[in-house]
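Since the structure comes first, as structure tokens, the remarks are kept for the end.
The values are calculated or read from the model by the stated rules, or taken from the named source; none is laboratory data. Everything quoted here is computed from the prediction, not taken from an experiment. Cβ coordinates were reconstructed from backbone atoms using ideal geometry, including for glycine residues, and neighbour counts include every protein chain displayed. When the accessible area is computed, the model is the full protein with side chains, heavy atoms only, and any ligands, DNA or RNA have been set aside. Shrake-Rupley method; radii C 1.70, N 1.55, O 1.52, S 1.80 Å.
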Amino acid sequence: AMKFSGYLKVRIGEAVGLQPTRWSLRHSLFRKGYQLLDPYVTVSVDQVRVGQTSTKQKTNKPTYNEEFSATVTEGHQLELSVFHDTPIGYDDFVANCTLHFQDLLRSTGTGDSFEGW
């Protein structure tokens with residue numbers, strides 16, 4: 001598998017269609033089955049966190065427009081994860097996406113930039 005070494009710049013634009021978690025539904029003051037999240041996104045390279053967005057309050061379609069940079073040495077994959085910020089204990093996992101550097105480099109052709117997910 002191809003490894004990536006270089007300068008990584010990631011812009012988190014927005015998230016759409018986020019679903020409530022079991023925890024948020026259990027503690028819901030709203031009608032059952034519908035709950036707004038307090039979501040934030042983490043950016044990780046090979047399970048090492050290199051960035052985290054701010055938390056947006058009470059929305060299932062947050063807009064961030066935040067940018068993160070990291071120097072990567074022999075990186076395999078980039079992971080974006082969405083969490084619900086809970087008042088106590090561990091934050092709730094909502095969704096994630098793993099992108100392999102090999103696929104990103106192949107799809108851009110030049111290796112300059114990739115726009116997607």
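Tabulated values for the structure
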| item | result |
| --- | --- |
| Solvent-accessible area per residue, Å², over the range 4-108 with all protein chains present [probe radius 1.4 Å] | 62 Å² |
| Neighbour cut-off at most 10 other Cβ (10 Å), DSSP loop, chymotrypsin sites (Phe, Trp or Tyr not before Pro), the range 41-106 | Y90 |
| Under the Karplus curve 6.51 cos²θ - 1.76 cosθ + 1.60, θ = phi - 60°, whole-Hz ³J(HN,Hα) for the range 5-15, x wherever Gly or Pro sits | 10, x, 9, 10, 10, 10, 10, 8, x, 7, 10 |
| Exposure of L18 as accessible area (Å², to 10), given a probe of 1.4 Å and all protein chains | 20 Å² |
| Positive dipole terminus of the range 4-108, leading residue within S107, N65, H76 (C-beta point charges) | N65 |
| Loop-located trypsin sites (Lys or Arg not before Pro) in the range 35-65 whose Cβ has at most 14 other Cβ within 10 Å (DSSP) | K58 |
| Rg/Rg_globular for the range 4-108, with Rg_globular taken as 2.2 N^0.38 Å and Rg from C-alpha atoms | 1.19 |
| E66 long-range amide H proximity, modeled H, under 5 Å | I12 |
| In Å², nearest 10: area of D46 left accessible to a 1.4 Å probe | 50 Å² |
| Contour minus Cα-Cα distance for R49 and E14 (0.36 nm per residue) | 10.7 nm |
| H84, H100, reordered so the largest accessible area comes first (probe 1.4 Å) | H100, H84 |
| The range 4-108 - charge dipole about Cα centre, Lys and Arg +1 at Cβ, Asp and Glu -1, debye rounded to 20 | 520 debye |
| Interchain or long-range residues, amide H under 5 Å from V50's placed H | V43, S44, V45 |
